[in-house]
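K.L.:
First, the structure itself, so that you have it in front of you.
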Amino acid sequence: MEVTHLKRSRRSLAAQGARESIVKLWLELGQPPVDARFLENVQRQLPKSSEDPAISPAEVARLLADEGAELRHPEIIEADVRWREPLVNSRMDKFAAVEPLSSGARLNIEDAGVLISEMEKLRQEFERDDDETGLEELRTLAAAARQRAEAMGKNRKLDVKVRGEQREIAEWLKVWLQTPMLFENWLELRRRSEEFRQKFPDAN
């Protein structure tokens with residue numbers, strides 16, 4: 001917890017420094033209207049480091065509006081869309097590894113193990129980046145997958161073996177949601193248990 005708090009404190013200081021740099025640049029340039037050209041210049045001028053938070057063109061415009069800047073709204077919107085596009089594409093690429101969880105497809109035991117492993121890699125990456133949005137999206141994805149597995153586990157139209165497998169997957173997702181850092185060790189012990197071996201003799 002202390003490490004997370006320290007990291008957020010550093011990010012807060014970095015954000016404050018970036019805001020001061022933006023206002024300083026605007027003043028040095030003679031307080032020009034905030035248009036696409038100015039916003040692109042800001043993005044080039046902002047210092048970059050692992051601790052610096054990303055500041056969007058829209059955020060820059062809001063900041064300078066408080067300083068009395070003239071805003072060119074259509075250009076600001078277009079600049080913000082262009083700035084966000086690679087971020088959206090990057091997010092989509094990251095979640096591609098766990099796409100089957102969002103597709104609604106029925107998973108088997110082996111697929112579930114691989115996908116939850118990928119989810120844990122994403123979780124750790126989002127934790128490192130202090131990406132609360134990514135973490136929330138990941139938790140929402142896992143919770144929805146768990147609900148689907150639970151529903152299939154109760155669906156008497158499905159084969160008994162399939163229902164048992166879905167109940168097992170739902171339990172895995174529940175454990176990951178509650179204690180993701182302990183999940184890998186828990187799963188290893190679960191797979192070694194006599195109960196699991198009897199239920200799923202073909203699982204590796």
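K.L.:
Among the residues of the range 43-59, is there at least one that is basic (Lys, Arg) and within 17 Å of the chain's Cα centre (by Cα)? So that I can check it myself, show each step before the final result.
P.N.:
Of the residues in the range 43-59, the ones basic (Lys, Arg) are 44, 48.
If we keep only those that are within 17 Å of the chain's Cα centre (by Cα) too, we end up with none.
The answer is no; no qualifying residue exists.
K.L.:
Next up: Restricting to the range 123-140, name every residue that is over 14 Å from Ser90 (Cα atoms) and among the polar types (S, T, N, Q).
P.N.:
Gln124, Thr140, listed by residue number.
K.L.:
Working carefully through the options Pro100, Pro53, find the one that is within 17 Å of Ser21 (Cβ to Cβ) and either modelled with pLDDT under 85 or crowded, with 16+ Cβ neighbours inside 10 Å (or both).
P.N.:
Working: Pro100 fails: within 17 Å of Ser21 (Cβ to Cβ).
One residue alone meets the criteria, Pro53.
K.L.:
Moving to a separate point now. List the residue pairs whose Cβ atoms are under 8 Å apart, where the first residue sits in the range 1-30 and is under 21 Å from Ala65 (Cα atoms) and of a type in the set (S, T, N, Q), the second is outside any helix (DSSP H, G or I) and at pLDDT 50 or above, and the two are 6 or more positions apart or on different chains.
P.N.:
Ser21/Leu46; Ser21/Pro47
K.L.:
I'd like to know if the range 150-167 contains one or more residues that are assigned to a loop (DSSP other than H, G, I, E, B), without any contact (Cβ under 8 Å) to a residue 40 or more places away in the chain and within 22 Å of Asp93 (Cβ to Cβ). Lay out the reasoning, then the answer.
P.N.:
First, the residues of the range 150-167 that are assigned to a loop (DSSP other than H, G, I, E, B): 155-159.
Okay, now just the ones that are also without any contact (Cβ under 8 Å) to a residue 40 or more places away in the chain, so 155-159.
Within this subset, residues satisfying the condition of being within 22 Å of Asp93 (Cβ to Cβ) are none.
Looking through the range 150-167, none of the residues is assigned to a loop (DSSP other than H, G, I, E, B), without any contact (Cβ under 8 Å) to a residue 40 or more places away in the chain and within 22 Å of Asp93 (Cβ to Cβ).
The values are calculated or read from the model by the stated rules, or taken from the named source; none is laboratory data. Note that the structure is a prediction, hence the values are computed from the model and not measured. Heads up, the Cβs are rebuilt from the backbone with ideal geometry, glycines too, and the neighbour counts pull from every protein chain shown.
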